[in-house]
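Peer 1: This is the structure I have questions about; it appears just below.
The values are calculated or read from the model by the stated rules, or taken from the named source; none is laboratory data. Just so it is clear, the structure is predicted and the values come from calculations on it, not from any experiment. Cβ atoms come from the backbone with ideal geometry, glycine included; neighbour counts cover every protein chain shown. For accessibility, only protein heavy atoms count, side chains too; no ligands or nucleic acids. Shrake-Rupley method; radii C 1.70, N 1.55, O 1.52, S 1.80 Å.
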Amino acid sequence: MDEVALVLDLLDNQWSTSATTLVNAGTITASHVAKPNLVDVRSLEKNKGVRYDLSTKDVIVVFEDSNTIEYPTILYDVRNESFSFTLHIRCIHANFGRDRLRALYLILRHAIESKRKGYQASDGSKFNLLFLGNRNEANDRNKRLFGYKVNLEAKRYAQTIP
């Protein structure tokens, strides 16, 4: 599984647990826990962008921004990998839009932070560490969209070179 698919897998598998935890803690209301469309930016079709995906429910689009490889030993037979992602959270500006955006962010944050010490998918793909970074507003008032851009850094350590 590639790195973007791994982030989407983590969000997909952890969404319900994180939402339930936050509802039980009184942090969000049960009306805001529906899982959004989780989208790999590479799968968007021409003329079917964010507005198309928001027609039925909210959306989180995952972009991989960069990848860095480091060889921590002088033998160069092991490498460490760092990946930088931007997660774009979008919802329609409507009644409770701000509350819904807040809930989406809190669930996403909880899902990632609950696996910050590592996440492994069913196919064996994994990240060793996950770090949430900055959150920036990404509103589009003309299209009536609320949004956040959330930075995520993921690391893999001691990857052997075949």
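Peer 1: On C-alpha positions alone, give me the angle between the axis of helix 3-24 and the longest principal axis of the chain, in degrees, nearest 10.
Peer 2: In the chain, helix 3-24 runs at an angle near 50 degrees to the longest axis.
Peer 1: Related question: Expressed as a whole percentage, what fraction of the accessible surface of the chain belongs to carbon and sulfur atoms when a 1.4 Å probe is rolled over the protein heavy atoms?
Peer 2: The nonpolar share, carbon plus sulfur, comes to 46 percent.
Peer 1: For q values of 0.16, 0.17, 0.22, 0.26 Å⁻¹, compute log₁₀ I(q)/I(0) with the Debye formula on a Cα-only model of the stretch 90-137, without solvent.
Peer 2: Debye output, listed in q order: -0.58, -0.63, -0.82, -0.95.
Peer 1: Distance cut-off 21 Å, Cα to Cα: go down the list K126/K155; K57/K115; K57/K149; K35/K149 and report the pairs above it.
Peer 2: From the list (K126/K155; K57/K115; K57/K149; K35/K149), the Cα-Cα distance tops 21 Å for K57/K115.
Peer 1: Measuring from label point to label point, each 7 Å out along Cα→Cβ, what is the D2 to K117 span in nm?
Peer 2: Between D2 and K117, the label points sit 3.2 nm apart.
Peer 1: Once you put a point 7 Å from the Cα of S84 and another 7 Å from the Cα of R141, both along the Cβ direction, what distance in nm separates them?
Peer 2: So the label points at S84 and R141 sit 3.0 nm apart.
Peer 1: How much mean residue ellipticity at 222 nm does the chain get from its helices, if each DSSP H run of length 4 or more adds -39500 (n - 2.57) and you divide by all residues, to the nearest 500 deg cm²/dmol?
Peer 2: -8500 deg cm²/dmol
Peer 1: Identify, among L129, L145, H88, the residue whose Cα sits farthest towards the positive end of the charge dipole of the chain, taking +1 on the Cβ of Lys and Arg and -1 on the Cβ of Asp and Glu, with the dipole about the Cα centre.
Peer 2: Farthest along the dipole direction, towards plus: L145.
Peer 1: Just to verify a number: FRET efficiency for A25 and Q159, C-beta to C-beta distance, R0 = 30 Å, to 0.05?
Peer 2: 0.25
Peer 1: Then there is this: For the stretch 38-162, evaluate the Debye formula with one uniform point scatterer on each Cα (no solvent term) and list log10 I(q)/I(0) at q = 0.12, 0.16, 0.23 Å⁻¹, rounded to two decimals.
Peer 2: -0.54, -0.86, -1.36
Peer 1: A further question follows. Per residue, how much accessible area does the chain have with a 1.4 Å probe, in Å²?
Peer 2: So the chain comes to 57 Å² accessible per residue, rounded to a whole number.
Peer 1: I'd like the orientation of helix 97-113 relative to the chain: the angle between its Cα long axis and the longest Cα principal axis, in ° from 0 to 90, rounded to 10.
Peer 2: The angle comes out near 20 degrees.
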